[in-house]
Amino acid sequence: RSERRPLVAGNWKMNGLRKDLVEAEKICVAAAAGEAGEAEVVICLPATLLISAAPACHAAGVGLGGQHCHGEPKGPFTGDLSAEMLRDAGASYVILGHSERRAGHNEGNAAVREKTRGAFRAGLTAIVCVGETRGQREAGDALPIVGSQLTGSIPGEATPQNLVIAYEPVWAIGTGLTPTLRDIAEMHRFIRERVGVDLPRIRDGIRILYGGSVKPNNAADLMRVPNVDGALVGGASLTAKDFMGIAGVY
Ligand code: PEP
């Protein structure tokens, strides 16, 4: 763990108008004041806010991320954004394969892998999300499902610098439910082992985040689980108070 810097990343999803940048600015002020301790702080904003947020984030050492990108650098893809465009707008991260994209936009593992390649090409760090549904967990399939998502979604060019993995059980996202600490420990150990089989050179360095109903009141317990190298935070990343209450555990 010592060589893996904890990462606390916020996912604003489709939330945020320009007036809400005051929260992003408060996050920057708090992070610059050392409130996140040793953790790296990243906020993945709607693409429309990236350019406006960039000066304060860059000055504070807070990373900016997008929430999705197309795999190609440019071209006839109306409504899409390339990794190069996110980078040009000030981002250094992009979330890929979030369950809301996998389910709502039919993104399969191969598509996530192509987009992740696009992120690498543009110099972005991809936060690739994996996680089982409630039905898959109840059927005892959580580990094999996550295993096949990892093998199918992660390109061979991955390094601990250009890739972060986020384990987000679909049934824990936005529900207030979390797996037991024991189940999280089992899954995170499994993910590191599986990455070790597929890409042995990144096994020990890759950061594995937990995501799904992380709040200030459960973050300390969740972040102490072995092989949990930080959090991907949805709802609680929208206010500086809650988000820094989570990042503050480091
Ligand atoms: C997410 O969607 O990435 C997420 C973790 O959401 P929440 O924290 O709201 O469960």
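The values are calculated or read from the model by the stated rules, or taken from the named source; none is laboratory data. Computed from a predicted structure; not experimentally measured. Here Cβ is always computed from backbone atoms with ideal geometry, including for glycine, and neighbour counts include all displayed protein chains.
Among all residue pairs at least 6 apart or on different chains, which show Cβ distances below 9 Å where the first residue, located in the range 96-115, is assigned to a loop (DSSP other than H, G, I, E, B) and the second is surrounded by fewer than 20 Cβ atoms within 10 Å (Cβ to Cβ) and of a type in the set (A, V, I, L, M, F, W, C)? Cβ pairs passing all conditions: Gly97/Ala111; His105/Ala111. Just so you know, in the range 91-110 the residues that are over 17 Å from the mean Cα position of the chain (by Cα) and away from the ligand (no atom under 14 Å from the Cβ) include one that is surrounded by the fewest Cβ atoms within 10 Å (Cβ to Cβ), and it is Asn106. Is it the case, given these coordinates, that Ala158 is more than 16 Å from the ligand (Cβ to nearest atom), assigned to a loop (DSSP other than H, G, I, E, B) and either modelled with pLDDT of 95 or more or not polar (S, T, N, Q) (or both)? Yes; evaluated as a whole, the condition is true for this residue.
Among the residues of the range 183-210, those identified as within 16 Å of the ligand (Cβ to nearest atom), outside any helix (DSSP H, G or I) and touching a helix residue (DSSP H, G or I) at 6+ places or on another chain (Cβ under 8 Å) are Ile208, Tyr210. Across the range 161-182, the qualifying residues are those that are more than 16 Å from the ligand (Cβ to nearest atom) and part of a helix (DSSP H, G or I), and the one among them that is nearest to the chain's Cα centre (by Cα) is Leu181.
The residue that is surrounded by the fewest Cβ atoms within 10 Å (Cβ to Cβ), among those in the range 117-136 that are within 16 Å of the ligand (Cβ to nearest atom) and more than 18 Å from Ala9 (Cβ to Cβ), is Arg134. Counting the residues of the range 199-217 that are of a type outside the set (D, E, K, R) and closer than 10 Å to Leu163 by Cβ gives 4.
Against the criterion of being within 16 Å of the ligand (Cβ to nearest atom), assigned to a helix (DSSP H, G or I) and under 15 Å from the mean Cα position of the chain (by Cα), Ala231 does not qualify. Any chance you could count how many residues in the range 7-61 are within 15 Å of the ligand (Cβ to nearest atom) and part of a loop (DSSP other than H, G, I, E, B)? Adding up the residues that qualify gives 7.
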